[in-house]
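To start, the structure under review is shown below, and the notes come after it.
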Amino acid sequence: MEKHFWPLVCPVCEAALTRIDNMLKCVQLHSFDMATKGYVNLSLGNRQTHRLCGDAREMLAARKTFLGQGFYQPLSDALNMQVYQRFLELARHKVKPGLTCIAEVGCGEGYYLGRLKDYLDRRLGTERMCYFGMDIAKEAVRLAARQHNDIFFFVADVKRKILFSKGSVRILLNIFSPRNAVEFDRVLASEGLLFVVIPNPDHLTSLRSEFGLLAIEANKRQHIVEQLSGVFRLAKQQSIKYDLYLNGKELSDLIRMTPNYWHLPSETWSSLEAREDIRTSASFTILEFKRHAVQAIRRTTRARAREARG
Ligand SMILES: C[S@@+](CC[C@H](N)C(=O)[O-])C[C@H]1O[C@@H](n2cnc3c(N)ncnc32)[C@H](O)[C@@H]1O
Ligand SMILES: [Zn+2]
């Protein structure tokens, strides 16, 4: 990561943050300590908000175990290839991307971002690339920082401010996490891309009625396209569907890592764990958004004018 490139802003006054040793500081001297593991808490919310919004420790542990066994690797691989494809297109058009900041909001313990970084490092190198992950759950950020060395993680609330400076993110990932269209617009560069990953209505469908799992909104895809439509247009979508074969423990981890964790009665957990040889299907869609063309041109023109003014 370039020494001088630090795209985060202060959660108090929104001035740029500078990194000085193990501290992030703004001009007004608001300062935030970095943990030894390289993450920082930029959240101003109270503990109550965090308890209500972020994932619980048990959910994070279940997700780490489940994802670590590779059950969602086909999704991660498809996402990696789709993102890489965009770099190949730039190369075909002989465009050399400048410093590229890739960020995930609601990153959990960083499984997808970590795999994307490994994938791109092998193909594009590490120079002029930087990676950031943000989540409201401090424990998620702590776990993520412990596992991924060259990614900077921070605690913040996507519903408030994403805390990147304006236009500083080139690729923004939002995977099974809350969204904020206004903030996505603010932080993404003019030519930036937004990748949103959602479960399809038939994801784990065979398990939903049996265990009383929360339903997936039937019009989720359409709802998101509409929610983002003021700023972004859907440029591409890719569906991924495959069978999952699980034992009781794997099934219980899978359910525990989702919001079902908060809703299922205790007897359901024992029946989940007692099941064997479960077959169900995973079904996701990767939605890739670009800015509307006119908007992108206006933003680029404004950015160039600013550069010319120095
Ligand atoms: C279903 S998990 C997905 C995590 C990760 N993207 C993955 O797929 O492995 C949703 C994540 O969003 C985070 N989250 C929930 N509300 C949030 C908010 N308001 N701001 C930032 N992150 C939030 C949770 O703490 C959790 O880590
Ligand atoms: Zn400040």
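Each value in this text was obtained by applying a stated rule to the coordinates, not by laboratory testing. It should be emphasised that the depicted structure is a prediction, and the values quoted were computed from it without experimental measurement. In this analysis, Cβ positions are derived from the backbone assuming ideal geometry, glycine residues included, and neighbour counts consider all displayed protein chains.
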In deg cm²/dmol, rounded to 500, what helix-only [θ] at 222 nm does the chain give when every DSSP H run of at least 4 residues adds -39500 (n - 2.57) and the total is split over its residues? -12000 deg cm²/dmol
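Can you give the extra length, in nm with one decimal, that the chain gains between Ser281 and Asp121 once fully stretched, where that is 0.36 nm per residue apart less the Cα-Cα distance? Walk me through the numbers on the way to the answer.
Numbers: separation 160, 0.36 × 160 = 57.60 nm, distance 3.11 nm.
Value of the extension gain: 54.5 nm.
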Spin-label point model (7 Å from Cα, Cβ direction): what's the Asn247 to His223 distance in nm? 3.6
For the residue pair Ala181 and Ser206, what label-to-label distance in nm results when each label sits 7 Å from Cα along the Cα-to-beta-carbon direction? 3.7
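Listing Met81, Met34, Met129 from the residue with the fewest other Cβ atoms within 10 Å to the one with the most, what is the order?
On the way: Met81 13, Met34 17, Met129 21.
Ascending number of Cβ neighbours within 10 Å: Met81, Met34, Met129.
As an exercise, use a Förster radius of 25 Å and the Cβ-Cβ distance of Lys166 and Ala215 to find the FRET efficiency, rounded to the nearest 0.05. The partial results should precede the final answer.
Working: r = 37 Å, r/R0 = 1.50.
Taking R0 as 25 Å, the efficiency between Lys166 and Ala215 is 0.10.
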Could you tell me the center-to-center distance, by alpha carbons, between region 237-289 and region 65-113 in angstrom? 23
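Going by C-beta contacts inside 10 Å, put Val9, Val196, Val27 in order with the fewest on the left.
Numbers: Val9 22, Val196 25, Val27 11.
Starting with the residue having the fewest Cβ neighbours, the order is Val27, Val9, Val196.
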Work out the charge dipole of region 79-209 with +1 on the Cβ of Lys and Arg and -1 on the Cβ of Asp and Glu about the Cα centre, then indicate which of Ala181, Ile151, Leu124 is farthest towards its positive end. Leu124
Order by neighbour count: Cys107, Cys101, fewest other Cβ atoms within 10 Å first, most last. Cys101, Cys107
Restricting to Cα pairs under 8 Å and 6 or more apart, the percent relative contact order of the chain works out to 18
In straight Cα distance, which lysines are under 20 Å from Lys117, not counting same-chain residues fewer than 8 positions off? Lys3, Lys37, Lys64, Lys96
